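The values are calculated or read from the model by the stated rules, or taken from the named source; none is laboratory data. Here the structure is a predicted model, which means the values were calculated and not measured. Cβ coordinates were reconstructed from backbone atoms using ideal geometry, including for glycine residues, and neighbour counts include every protein chain displayed.
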Amino acid sequence: MRETTPVHTRKVLRDRGVQLLIYASVLLISTVFIWILADLVRGGLAHLSWEFLMESPRDAGRTGGIASILVSTLLILLVAVLTAVPIAWTTAILLAEFIAVDSAFGKAVRFSLHVLAGVPSIVFGLFGNAFFSIYLGLGFSILSGGLTLACMLLPILASTAEAGLRTVPNAYRMSASALGLTRTATLVHLILPAAAPVLAAGLLLGIGRALAETAALLFTSGYVDRMPDSLLDSGRALALHIFDLSMNVPGGDMPAYASALVLVSLLLCINILAMKFAYGLQRRKIRT
Amino acid sequence: MNSSQCTDKSDTFTLGPLEAGPVCCDPQPAIQVRNLSLLYDGKAALDKVTLDIFQGCITALIGPSGCGKTSFLSAINRLTDLIPGCHVTGKILVHNQDIHHPDTHAQTLRRQVGMVFQKPTPFPLSIRRNLSLPLNEHGITQKTEVAAITEHVLRDVGLWDEVHDRLDASALSLSGGQQQRLCIARALALKPQILLMDEPCSALDPLASGIVEDLICRLRGRYTIVIVTHNLAQARRIANYAAFFWVSGRAGQLIEFGRCQHIFESPSHELTAAYVNGVRG
Ligand SMILES: Nc1ncnc2c1ncn2[C@@H]1O[C@H](COP(=O)(O)OP(=O)(O)OP(=O)(O)O)[C@@H](O)[C@H]1O
Ligand SMILES: [Mg+2]
């Protein structure tokens, strides 16, 4: 017994060490997050007010608010998500449910999605400018900005959704099939609900990316800070506004901080909402 | 017509006297399997299996692990269609209808041929929804009818008293044995004519196992049951016929098929004798 003791303590020590390392990295991540948040709050809270949210920018954004910017951002986001989600999710369903993992077609689609996911956003911006703004004649508009963002979102949404669908145990498909359920019924009643949290998480990730996007919108939705009248108007997104204020507008630091605070708060809200939503969906499915 | 007119042909793999079920003379094959071979990614798992499964009888499939019993069952309700790389050759007739014929719909076939899996596979839904979802999908949507079937099948599997006050709880909150009985109930709810059971009792305690065994015996005559079991005593108790599978080389083969008594007491093949007497396998 005596000679096993040192081995035992060494194991315990190693165990403790690993735990310590894990806690340390969690702490590090939280610290970075809290630091950024604190910096934003310190710099932006003083400038943030109801008027700031409700007024349109004046004097290149030095005074006034961000109302028109928020509206444009929301519209761009809406266009992007509404276009990308149906295409991406049906692609994911096709890849995960209807064709074999190792089929040539599936491989080709997956490969192009991976490549698309790695393309820098400025390239999407150039493509969007050439295709939507010029070729399709949409000009610098919320529509071309939103469609460009949709192209960017496609790979993120499709890959996360496919991964989500693949986490659903195959036993569900087998037993559903053995009960004579059709593929559609299985998909609607079992697989999609089971994958909903992952789908929601992917959507979130996508919306986060879209909210924070600047480069892709620079050449597509433009940077006119007026309130947009229609989807064919140019509109400045929030992230672009922050970029413009801090880079091109001397004395724009305070509104830039305040806008950044709004942006991060939005991201936080979307996160919390989506998590609540996914959880609720799961519970509802179990109850009905 | 009476049973004394039965001719004993149990030595062939395809005919034998009916020992239970509806009183009739000629045993009617419910499933006819002819030269069934099954390959996974080109590797044979079953090799030229030919046997008849008789209507209203309980047929036990016995044999060592990996000899293709589960594969055999999946071929009967065409669940093998879902396994990528799985290739089935040979002919299977269910109630005289070729299951691989283009006119045979997989959904219709699978409603006729219910299956209970080796591992319990309840859906991540409520207990009630687990039963009502397949019913709704097959056009039984009337609330009272669904509720009646739910109670009936849950009573059949001896689960009603345990769960009647929490039908809306998640099926995943049930114990393993309860989950398995729920799956049996789910299969029964669709009133299949044939029931394939892949070791339905392996996850059950002796008490629950006894309940299921009694249930299976009560189903005799009304349903045609094919049951895979590693419990030889159980097979002996409940089955009318037994089929013994064995892996020879790499592929599983049907070594012997016949009346249960015959297989267990006077097997014609030495492998069968060794297996049922616990010498090998
Ligand atoms: N999906 C699959 N892909 C490839 N090979 C498989 C697959 N399923 C089964 N096999 C192989 O086929 C053979 C038969 O498997 P099967 O599951 O039918 O055996 P079994 O008799 O049911 O065994 P057990 O009694 O352990 O359940 C095994 O060698 C197994 O490795
Ligand atoms: Mg098996």
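General observations
- Qualifying position, being over 18 Å from B:L46 (Cα atoms), among the polar types (S, T, N, Q) and either facing chain A (nearest Cβ under 9 Å) or within 16 Å of ligand 1 (Cβ to nearest atom) (or both), among B:T104, B:T108, B:T89: B:T108
- Boolean, B:G114 is part of a strand (DSSP E or B) and facing another protein chain (nearest Cβ under 9 Å): yes
- Where a residue in the stretch A:142-158 is assigned by TED's automatic domain parsing to the domain that holds A:E213 and its partner, wherever it lies, is of a type in the set (D, E, K, R) and buried (at least 24 other Cβ atoms within 10 Å of the Cβ), with Cβ under 8 Å and at least six apart: A:L149/A:E213; A:M152/A:E213
- Condition met for B:A203 (more than 14 Å from B:T59 (Cα to Cα) and within 11 Å of chain A (Cβ to nearest Cβ)): no
- Residue check, B:T80 within 13 Å of chain A (Cβ to nearest Cβ) and of a type in the set (S, T, N, Q): yes
- Check on B:L125, within 12 Å of ligand 1 (Cβ to nearest atom), modelled with pLDDT of 85 or more and facing chain A (nearest Cβ under 9 Å): no
- Meets criteria (assigned by TED's automatic domain parsing to the domain that holds A:M275, modelled with pLDDT under 90 and assigned to a loop (DSSP other than H, G, I, E, B)) for A:G202: no
- Tallying residues that are of a type in the set (D, E) and outside any helix (DSSP H, G or I) within the stretch A:95-135 yields 1.
- Qualifying residue in the stretch B:100-109 (condition: within 30 Å of B:G177 (Cβ to Cβ), in contact with a strand residue (DSSP E or B) (Cβ under 6 Å, 6 or more places away or on another chain) and either in contact (Cβ under 8 Å) with a residue 24 or more places away in the chain or within 13 Å of ligand 2 (Cβ to nearest atom) (or both)): no
- Residue identified as assigned to a strand (DSSP E or B), within 14 Å of ligand 1 (Cβ to nearest atom), within 25 Å of B:L271 (Cα to Cα) and modelled with pLDDT of 90 or more among B:L61, B:L73, B:L46: B:L61
- Of the residues making up the stretch A:136-157, at least one is closer than 17 Å to A:A80 by Cβ and more than 24 Å from the chain's Cα centre (by Cα).
- Flag if A:V109 is of a type in the set (V, I, T), assigned by TED's automatic domain parsing to the domain that holds A:R183 and free of Cβ contacts under 8 Å to residues at least 40 places away in the same chain: yes
- Residues in the stretch A:136-180 that are more than 30 Å from A:V119 (Cβ to Cβ) and surrounded by fewer than 23 Cβ atoms within 10 Å (Cβ to Cβ): A:P169, A:N170, A:A171, A:Y172, A:R173, A:M174, A:S177.
- Taken as a whole, the structure places B:C183 among residues that are within 16 Å of ligand 2 (Cβ to nearest atom), surrounded by 19 or more Cβ atoms within 10 Å (Cβ to Cβ), in a helix (DSSP H, G or I) and not polar (S, T, N, Q).
- Residue check for A:A195: within 14 Å of chain B (Cβ to nearest Cβ), modelled with pLDDT under 90 and outside any helix (DSSP H, G or I): no
- Of the helices (runs of 4 or more DSSP H) that lie entirely inside the stretch B:195-281, those containing 3 or more residues that are within 16 Å of ligand 1 (Cβ to nearest atom), within 17 Å of the chain's Cα centre (by Cα) and not acidic (D, E) span B:232-238.
- Check on A:V249, out of contact with any helix residue (DSSP H, G or I) (no Cβ under 7 Å at 6 or more places or on another chain), among the β-branched types (V, I, T) and assigned by TED's automatic domain parsing to the domain that holds A:E162: no
- Residues of the stretch B:156-178 classified as small (G, A, S) and assigned to a helix (DSSP H, G or I), total: 4
- Any hit, the stretch A:16-37, residues being surrounded by 11 or more Cβ atoms within 10 Å (Cβ to Cβ) and touching a residue at least 12 places away in the same chain (Cβ under 8 Å): yes
- Selection of the stretch B:128-146 for residues being more than 7 Å from chain A (Cβ to nearest Cβ) and more than 23 Å from B:Y223 (Cβ to Cβ) yields B:R128, B:T141, B:Q142, B:K143, B:T144.
- Considering only residues in the stretch B:55-97 that are more than 16 Å from ligand 2 (Cβ to nearest atom) and buried (at least 24 other Cβ atoms within 10 Å of the Cβ), the one that is nearest to B:Q28 (Cα to Cα) turns out to be B:C57.
- Answer from B:A274, B:A233 - the residue that is among the small types (G, A, S), more than 16 Å from ligand 2 (Cβ to nearest atom) and modelled with pLDDT under 85: B:A274
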